[in-house]
1. For ALA7, which of the numbered conditions (1) modelled with pLDDT under 95; (2) closer than 23 Å to GLU207 by Cβ; (3) aliphatic (A, V, I, L, M) fails to hold?
2. Would you point out which residue out of GLU168, GLU161 is charged (D, E, K, R), outside the structural domain of GLY70 (by TED's automatic domain parsing) and in contact with an Asp or Glu (Cβ under 9 Å, 6 or more places away or on another chain)?
3. Kindly list the number of the only condition in (1) assigned to a strand (DSSP E or B); (2) in contact with a Ser or Thr (Cβ under 9 Å, 6 or more places away or on another chain) that fails for VAL55.
4. Given GLU145, GLU161, which one is within 15 Å of ASP72 (Cβ to Cβ) and not polar (S, T, N, Q)?
5. Take the residues in segment 27-52 that are in contact (Cβ under 8 Å) with a residue 12 or more places away in the chain and in a strand (DSSP E or B); name whichever of them is nearest to LEU11 (Cα to Cα).
6. Among the candidates GLY67, GLY62, single out the residue that is in a loop (DSSP other than H, G, I, E, B) and assigned by TED's automatic domain parsing to the domain that holds GLY9.
7. Taking segment 1-53 as the search range and keeping residues that are closer than 20 Å to LEU85 by Cβ and charged (D, E, K, R), which one is nearest to the chain's Cα centre (by Cα)?
Amino acid sequence: MLRIAVAKGRLLAAFAEMLENAGYPCDVLEKETRKLVIDAPSAGLRFILAKPTDVPTYVEYGAADLGVVGKDTLTEAQKHVAELLDLGYGRCRMIVAVPEAAGIEQVTDLDFNSRVASKYPNIASAYFRSHGIQAEVIPLNGSIELGPIIGLSDAIVDITETGRTLIENGLLPIADIMESTSRLVANRVSLKVQRAEIGRLVSGLQEVLACES
């Protein structure tokens, strides 16, 4: 069986639908269960249900042959995996946002050594370095929007789909860092050892994506 690490929730549902359309029956994923490992024997697949941030680690160390993970999480994790396919769903933007009342219109307007809160400290640090801006990046795992509201940070780096949460919390996006969608990644050893099986799955998903476009 090909072992695929993927997070629970609507992204798993979207991936399962793609697999079904590609000829891999995954009806077992529709059942309510607390199991963390679910086999789909008729599809030849084993699903490892993991936290999104753990998916690249499972794939890098060979606990999973494949993984489905957002490009944002993949870039932040900096793991040694092979990116195979842009699955196209889970689309969002990673942005820099500041309090609307601050009157800041671009990142270069931020004060020297401004503090930036983010779940993505690696991406945030690299972004500000690339723009010649000295910023102190504060890692947070909860509601990043709280940072500027309570005075912890001058700005945030976070992902957004509609921007509604930012607006409701008085925050204004001033720069786009990257666009993120779900990606199919592979363990580099598995890619060689199970090339045929992985190749068939990727080809099937590519056909589904071609029909959807």
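1. That leaves (2) as the condition not met.
2. Details: GLU161 fails: in contact with an Asp or Glu (Cβ under 9 Å, 6 or more places away or on another chain).
Among GLU168, GLU161, only GLU168 is charged (D, E, K, R), outside the structural domain of GLY70 (by TED's automatic domain parsing) and in contact with an Asp or Glu (Cβ under 9 Å, 6 or more places away or on another chain).
3. For VAL55, the failing item is (1).
4. On the way: GLU145 fails: within 15 Å of ASP72 (Cβ to Cβ).
Just one listed residue meets the conditions, GLU161.
5. Per the stated criteria, the residue is LEU49.
6. Values: GLY67 fails: in a loop (DSSP other than H, G, I, E, B).
Result of the check over GLY67, GLY62: GLY62.
7. In this case the residue turns out to be ARG10.
Okay, residues lined up against (1) at pLDDT below 95; (2) out of contact with any Asp or Glu (no Cβ under 6 Å at 6 or more places or on another chain); (3) β-branched (Val, Ile, Thr):
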residue	(1), (2), (3)
GLU32	yes, yes, no
LEU45	no, yes, no
PRO56	no, yes, no
ASP86	no, yes, no
MET94	no, no, no
ALA97	no, yes, no
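The values are calculated or read from the model by the stated rules, or taken from the named source; none is laboratory data. Keep in mind the model is a prediction, meaning the values are calculated, not measured. Note that we place each Cβ from the backbone using ideal geometry, even for glycine, and neighbour counts take in every protein chain shown.
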